[in-house]
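Since the structure comes first, as structure tokens, the remarks are kept for the end.
Derivation of every value follows stated rules applied to the coordinates shown; laboratory data play no part. Since the model is a prediction, treat every value here as computed from it, not as a measurement. We place every Cβ from the backbone using ideal geometry, glycine too, and count neighbours over all the protein chains shown.
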Amino acid sequence: MKVNFFATLRPIVGSKTVEVGFTEGLTLRQVLNDLSVRFPQLRPELLDENGNLCGHVHVFVNGRDATFLPNQVDALLKPEDVISIFPPVGGG
């Protein structure tokens, strides 16, 4: 399964795309937790002190914002899903 990172998150993981293993019953929350273990500097960028997704981070599964998925970050994933993670950005 592919996870795409954008903007300031890319230097933390060292590339724009990271492959993660898939197992049946895998949820988006598990992927985010696994990524925060694999890349410890990513944790404060993605997750709050309770392990919940920070409100300023946007996570998409196949182009759909996780906040609109059934069960949100607890949504079940499929092996062909593509996850994209965007940090907060500003500019004008």
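In table form, for the structure just shown:
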item	result
Among residues of the range 20-68, those that are of a type in the set (D, E, K, R), within 12 Å of the chain's Cα centre (by Cα) and closer than 13 Å to Val3 by Cβ, counted	1
Tabulated pairs, the range 5-21, first on the phi > 0 side of the Ramachandran plot, second assigned to a loop (DSSP other than H, G, I, E, B) and not aliphatic (A, V, I, L, M), C-beta under 8 angstrom, 6+ apart or interchain	Ala7/Pro87
Residue list for the range 6-36, restricted to those being among the β-branched types (Val, Ile, Thr) and either touching a His at 6+ places or on another chain (Cβ under 6 Å) or closer than 16 Å to Val73 by Cα (or both)	Thr27, Val31
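Each row is one residue, and each column tells you yes or no for (1) crowded, with 17+ Cβ neighbours inside 10 Å; (2) among the basic types (Lys, Arg).
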{"residue": "Gly25", "(1), (2)": "no, no"}
{"residue": "Arg38", "(1), (2)": "no, yes"}
{"residue": "Gln41", "(1), (2)": "no, no"}
{"residue": "Pro44", "(1), (2)": "no, no"}
{"residue": "Leu47", "(1), (2)": "yes, no"}
{"residue": "Asn50", "(1), (2)": "no, no"}
{"residue": "Leu53", "(1), (2)": "yes, no"}
{"residue": "Phe60", "(1), (2)": "yes, no"}
{"residue": "Gly63", "(1), (2)": "no, no"}
